[in-house]
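Enquirer: Here it is: the structure, laid out below.
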Amino acid sequence: MVKKILKITVIAVAFLFVAIQFYRPARTNPPINEAETLEAATQVPPNIQSILTRSCNDCHTNKTNWTWYSNVAPISWGMVDHVNEGRDELNFSKWTTYSANRKSKKLEEVCEQVESGDMPHYQYLLIHWDPKLSADDIKALCDWSKTESAKISTSPKTEDSPK
């Protein structure tokens, strides 16, 4: 009797796993206008660019590297959700569309998030080891983001969009 219940349970779980593969949320990488990127408007030294590419770009740009397991439900559902939330919160591919005030605030938040350990997201780090930030990475990001934020705060107002 136990074997029969176990067999039915395994078959049901397998069927459910196959069935959920048919719901595929959109994994997108919207087009990038290079004139709108962080690099187009801000000085990004090579060491900072390397950190951002390794630890931030998958969720905070339109250059997400969609890995093979991003095709497997239910993992895919969470990944798409995290990337969309990350882009909504901060998108380095849309940097110049932000107001000066928002840019300054986002740069301050970059430091706050990495110092607190909230970024990179812990779930991202479960399956990606390279993005883990060292103490030197965190210091470099904070020093850079504070410097850039100060430049924005002291520069004459530009005609940024009001986002």
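Enquirer: Do we find that E36 is in contact with a helix residue (DSSP H, G or I) (Cβ under 6 Å, 6 or more places away or on another chain) and among the acidic types (D, E) in this structure?
Expert: In short, yes.
Enquirer: Looking at the range 109-135, I want the residues that are in contact (Cβ under 8 Å) with a residue 12 or more places away in the chain and have a partner that is in a loop (DSSP other than H, G, I, E, B) and open to solvent by 80 Å² or more (accessible area, probe 1.4 Å) with Cβ atoms under 7 Å, at least 6 apart or on another chain. Which pairs are those?
Expert: From the range 109-135, no pairs qualify.
Enquirer: I would also like to ask the following. For the range 55-124, list the helices (runs of 4 or more DSSP H) that sit wholly inside it and hold at least 3 residues that are within 25 Å of L16 (Cβ to Cβ); which are they?
Expert: Passing ranges, in order: 75-89.
Enquirer: Now, a different point. Go through K106, K151 for me and flag whichever is closer than 27 Å to N33 by Cα, open to solvent by less than 30 Å² (accessible area, probe 1.4 Å) and without any contact (Cβ under 8 Å) to a residue 24 or more places away in the chain.
Expert: K106
Enquirer: Spot the failing condition for A40; the list is (1) open to solvent by less than 20 Å² (accessible area, probe 1.4 Å); (2) closer than 27 Å to A140 by Cβ, and only one is missed.
Expert: Every condition holds for A40 apart from (1).
Enquirer: Output the residues belonging to the range 63-73 that are under 21 Å from W129 (Cα atoms) and either open to solvent by less than 50 Å² (accessible area, probe 1.4 Å) or in contact (Cβ under 8 Å) with a residue 24 or more places away in the chain (or both).
Expert: Correct list: K63, T64, W66, T67, Y69, S70, N71, V72.
Enquirer: Being in a helix (DSSP H, G or I) and either of a type in the set (S, T, Y) or open to solvent by less than 70 Å² (accessible area, probe 1.4 Å) (or both) narrows it down to one of L52, L6, L16, so name that one.
Expert: None of the other options fit; the residue is L52.
Enquirer: A further question on this structure: Working only within the range 19-37, note down all residues that are exposed (fewer than 10 other Cβ atoms within 10 Å of the Cβ), without any contact (Cβ under 8 Å) to a residue 24 or more places away in the chain and either touching a Gly at 6+ places or on another chain (Cβ under 8 Å) or among the hydrophobic types (A, V, I, L, M, F, W, C) (or both).
Expert: F22 - this is the single residue of the range 19-37 that is exposed (fewer than 10 other Cβ atoms within 10 Å of the Cβ), without any contact (Cβ under 8 Å) to a residue 24 or more places away in the chain and either touching a Gly at 6+ places or on another chain (Cβ under 8 Å) or among the hydrophobic types (A, V, I, L, M, F, W, C) (or both).
Enquirer: Could you grab me the full set of residues in the range 87-97 that are closer than 17 Å to S55 by Cα and open to solvent by less than 20 Å² (accessible area, probe 1.4 Å)?
Expert: L90, N91, F92, S93
Table: residues versus (1) at pLDDT below 95; (2) crowded, with 18+ Cβ neighbours inside 10 Å; (3) under 22 Å from A35 (Cα atoms).
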residue: S99; (1), (2), (3): no, no, yes
residue: Y122; (1), (2), (3): yes, no, no
residue: H128; (1), (2), (3): yes, no, no
residue: D136; (1), (2), (3): no, no, no
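Enquirer: Here's another thing I want to ask about it. Out of the range 128-151, which residues are of a type in the set (K, R) and outside any helix (DSSP H, G or I)?
Expert: K132
The values are calculated or read from the model by the stated rules, or taken from the named source; none is laboratory data. Nothing here was measured: the structure is a model prediction, and the numbers come from that model. Ideal geometry is used to build each Cβ from the backbone, glycine not excepted, and the neighbour counts take in all protein chains shown. Quick note on the areas: whole protein, heavy atoms, side chains included, nothing else; ligands and nucleic acids left out. Shrake-Rupley method; radii C 1.70, N 1.55, O 1.52, S 1.80 Å.
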